[in-house]
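Engineer: Sending over a structure as structure tokens; questions will come in a sec.
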Amino acid sequence: MERYQPRAALTRRSLLRAGGAGTLTLGALGALGGCGIPPAGRTGVDGSSEDRSAAEKTLSFSNWTEYIDLGEDNKSRPTLDDFRRRTGIEVAYTEDINDNVEFFGKVSKQLAAGQGIGRDLICVTDWMAGRMIGLGWAQRLDAANLPNAYANLAPGFRAPDWDPGRAHSYPWTGIPAVVAYNRKATGGRKVDSVSQLLDDPKLKGRVGLLSEMRDTVGLTLLDMGKRPEQVTADDYDAAIDRLQKAVDRRQIRRFTGNDYTGDLNKGDIAACIAWAGDLVQLQADNPDIQFAVPDAGYMLSSDNLLVPNHARHKKNAERLIDYYYQPKVAARLAASINYVSPVAGLREELAKIDKDLADNTLIIPSEAMAAKAHAFRSLSAEEDKAFEAKFAELTGA
């Protein structure tokens with residue numbers, strides 16, 4: 001079987017934390033229209049410029065660190081090389097996105113001034129994609145250049161409220177947050193709910209929660225019978241209070257980024273909230289690492305491709321987006337980065353690479369699992385500041 005080295009999850013997800021900005025999720029779940037995006041700096045709907053794609057067979061693509069397939073030499077990028085052979089388009093690929101807020105700071109002045117940023121394609125998390133679209137800083141995509149993307153986009157990714165009809169964006173990956181546990185550390189006991197994480201005395205002092213507010217609070221809300229898509233200030237306070245009680249009882253070992261993985265692997269953390277890509281990689285070496293999708297549901301966010309205003313090679317960028325929506329290519333990417341693929345119909349191709357990955361619902365969710373995905377609703381600027389302050393106090397950040 002063709003084998004691809006899994007690489008991206010541990011590095012990429014640890015960098016996703018964006019200074020408390022959090023994440024939105026997929027589908028018609030949450031509306032960015034009410035999230036307090038300021039009108040100042042809008043450059044208008046038309047951010048296009050002369051497209052030089054026909055004359056210049058190149059494009060500049062900014063992405064996160066280790067978020068693409070690598071060859072056996074750990075240097076080449078097979079899918080980009082294949083794209084170049086097929087199209088003649090050279091991709092200047094740069095891993096220069098380390099944090100959503102930091103990246104926004106790098107490019108916002110130029111975009112607000114109606115200037116290009118030297119990039120034809122960028123990859124940002126859904127809440128930031130929604131912010132940039134709302135500011136008028138992302139170009140409307142030409143559907144004629146995206147036949148594979150239009151046909152093969154999985155249903156659960158088709159209708160984000162922050163970009164109706166996917167007019168400006170296509171997802172690169174989906175990122176589930178679920179419950180995980182080390183079977184050896186729990187004495188063979190299954191851990192499949194947030195209630196167990198917060199209340200089971202047998203797990204006292206050996207529980208890890210994520211330092212991303214929307215994942216930890218979102219899963220807590222679900223366990224309390226509340227929908228993160230409709231969270232009120234009272235709901236949020238109730239969830240924080242519940243988490244605080246667990247902290248006060250010393251049930252929680254710590255709040256972490258993805259540095260929980262080493263402790264979970266060793267068993268110092270017996271159970272935790274975890275990200276899917278981390279778990280796929282951990283399970284490859286440690287069969288005691290297990291995951292569970294709580295009956296109450298799980299949280300799901302996404303990273304998304306945008307063509308920023310005044311990009312010089314828009315059509316070339318659209319051709320690259322469309323290339324990654326071919327199931328064979330999508331399978332290569334999924335086999336390497338181990339997150340949920342937004343491309344429907346790749347199971348057969350992924351099975352040719354690795355049957356276990358093709359059967360893993362953390363990469364290709366079953367219909368039952370997909371139905372349990374939830375979103376944390378978009379927040380106004382005032383809500384975001386208040387919610388994050390309370391979470392920071394809880395975690396000691």
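The values are calculated or read from the model by the stated rules, or taken from the named source; none is laboratory data. Here the structure is a predicted model, which is why all the values come from computation and not from measurement. Positions of Cβ are backbone-derived with ideal geometry, glycine not excepted, and every protein chain shown enters the neighbour counts. When the accessible area is computed, the model is the full protein with side chains, heavy atoms only, and any ligands, DNA or RNA have been set aside. Shrake-Rupley method; radii C 1.70, N 1.55, O 1.52, S 1.80 Å.
Engineer: Enumerate the helices (runs of 4 or more DSSP H) found wholly within the range 209-310, keeping only those where 3 or more residues are under 27 Å from ALA368 (Cα atoms) and in contact (Cβ under 8 Å) with a residue 40 or more places away in the chain.
Structural biologist: Result: 213-223, 276-285.
Engineer: Which one of these is more than 18 Å from the chain's Cα centre (by Cα) and farther than 30 Å from ARG250 by Cα: LYS385, LYS355?
Structural biologist: When all the criteria are applied, what remains is LYS355.
Engineer: Given the structure, is ALA351 crowded, with 22+ Cβ neighbours inside 10 Å and either modelled with pLDDT of 95 or more or part of a loop (DSSP other than H, G, I, E, B) (or both)?
Structural biologist: Judged against the criteria, ALA351 is not a match.
Engineer: Next up: Which count do you get for residues in the range 49-86 that are under 15 Å from ARG119 (Cβ atoms), assigned to a loop (DSSP other than H, G, I, E, B) and open to solvent by 30 Å² or more (accessible area, probe 1.4 Å)?
Structural biologist: Total meeting the criteria: 4.
Engineer: Just checking, which of TYR323, TYR339 is surrounded by 19 or more Cβ atoms within 10 Å (Cβ to Cβ), within 24 Å of ASN152 (Cβ to Cβ), hydroxyl-bearing (Ser, Thr, Tyr) and modelled with pLDDT of 95 or more?
Structural biologist: Testing whether each residue is surrounded by 19 or more Cβ atoms within 10 Å (Cβ to Cβ), within 24 Å of ASN152 (Cβ to Cβ), hydroxyl-bearing (Ser, Thr, Tyr) and modelled with pLDDT of 95 or more leaves just TYR323.
Engineer: If you don't mind, another one. Of the conditions (1) under 24 Å from LYS57 (Cβ atoms); (2) surrounded by fewer than 23 Cβ atoms within 10 Å (Cβ to Cβ), ALA330 satisfies every one except a single condition; which number is it?
Structural biologist: (2)
Engineer: Next question. Filtering the range 87-113 down to residues that are hydrophobic (A, V, I, L, M, F, W, C) and in a strand (DSSP E or B), which residue is surrounded by the fewest Cβ atoms within 10 Å (Cβ to Cβ)?
Structural biologist: Top of the filtered list is ALA92.
Engineer: Which ones in the range 217-230 are surrounded by fewer than 24 Cβ atoms within 10 Å (Cβ to Cβ) and either at pLDDT 95 or above or of a type in the set (Asp, Glu) (or both)?
Structural biologist: LEU222, ASP223, MET224, GLY225, LYS226, ARG227, GLU229 - these are the residues of the range 217-230 that are surrounded by fewer than 24 Cβ atoms within 10 Å (Cβ to Cβ) and either at pLDDT 95 or above or of a type in the set (Asp, Glu) (or both).
Engineer: Look through the range 133-155, keep the residues that are in a helix (DSSP H, G or I) and buried (at least 22 other Cβ atoms within 10 Å of the Cβ), and return whichever of them is modelled with the lowest pLDDT.
Structural biologist: ILE133
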